[in-house]
Amino acid sequence: MTTIKTPKKDDALSLSTTDGERLVFTAVLKRLRVAAGFGVRRLAQRAGVLPSSVSHYENGRQVPKPEALKRIAQALSVPPELLMWFAYTERRPEGAEQDLFRRVENIMVRQLRLFERALARRVRPPVRPTRTGG
């Protein structure tokens, strides 16, 4: 049985895919949305989907269709392949395919970390220089 790893609220970049753990699409979507500084409504508006749909995707009640997934990826400024990997690879292969799957999964998690960090940097308020007396 595969364990689902869900993100901790304060642990924005604790993604891992060790044997037996699987980062699921619901967590990936929410992490990217939060890193981009979007609420559910804002992401839905930018992607042209209903806010309830985004909520359903994040809660695991629905998996977005490929066209909606592409629009969500565009709204988040991430490649659609990244979201598609996590949305459509729920089954872990057995036997010889398992090693290849694990390597590709690790690559995708590293890509996710890069995009999450880039999004977080982009939405942070600029640091204002402090004035020293004089």
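The values are calculated or read from the model by the stated rules, or taken from the named source; none is laboratory data. This structure is a prediction, so every number in the text was calculated from the model and none was measured. Here the Cβ positions follow ideal geometry from the backbone for every residue, glycine too, while neighbour counts run over all protein chains shown.
Some observations on this one:
- Beta carbons closer than 9 Å, at least 6 apart along the sequence or on distinct chains, pair a first residue in the stretch 95-116 that is at pLDDT 85 or above with a second that is of a type in the set (D, E, K, R) for 108/81; 111/81; 112/31; 116/31.
- If you go through the stretch 59-111 and pick out every residue that is farther than 19 Å from residue 49 by Cβ, of a type in the set (A, V, I, L, M) and either part of a helix (DSSP H, G or I) or in contact with a His (Cβ under 9 Å, 6 or more places away or on another chain) (or both), you end up with 5.
- Considering residues of the stretch 59-92 that are within 17 Å of residue 27 (Cα to Cα) and among the basic types (Lys, Arg) only, the residue farthest from the chain's Cα centre (by Cα): 91
- Contacts under 6 angstrom Cβ, first residue in the stretch 47-61 being in contact (Cβ under 8 Å) with a residue 60 or more places away in the chain, partner in a loop (DSSP other than H, G, I, E, B) and crowded, with 16+ Cβ neighbours inside 10 Å, 6 or more apart: none
- Cβ-Cβ distances below 6 Å connect the following pairs, each with a first residue in the stretch 26-42 that is farther than 18 Å from residue 84 by Cα, a second residue that is buried (at least 17 other Cβ atoms within 10 Å of the Cβ) and charged (D, E, K, R), and a separation of six or more residues or different chains: 35/116.
- Number of residues in the stretch 43-62 that are closer than 19 Å to residue 86 by Cα and β-branched (Val, Ile, Thr) equals 1.
- Qualifying residues in the stretch 34-58 (those that are part of a loop (DSSP other than H, G, I, E, B) and within 15 Å of the chain's Cα centre (by Cα)) - the one farthest from residue 122 (Cα to Cα): 39
Conditions (1) over 15 Å from residue 115 (Cβ atoms); (2) at pLDDT 90 or above, marked per residue:
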| position | (1), (2) |
| --- | --- |
| 9 | yes, no |
| 15 | no, no |
| 19 | yes, no |
| 25 | no, no |
| 51 | yes, yes |
| 61 | yes, no |
| 71 | yes, yes |
| 84 | no, no |
| 88 | yes, no |
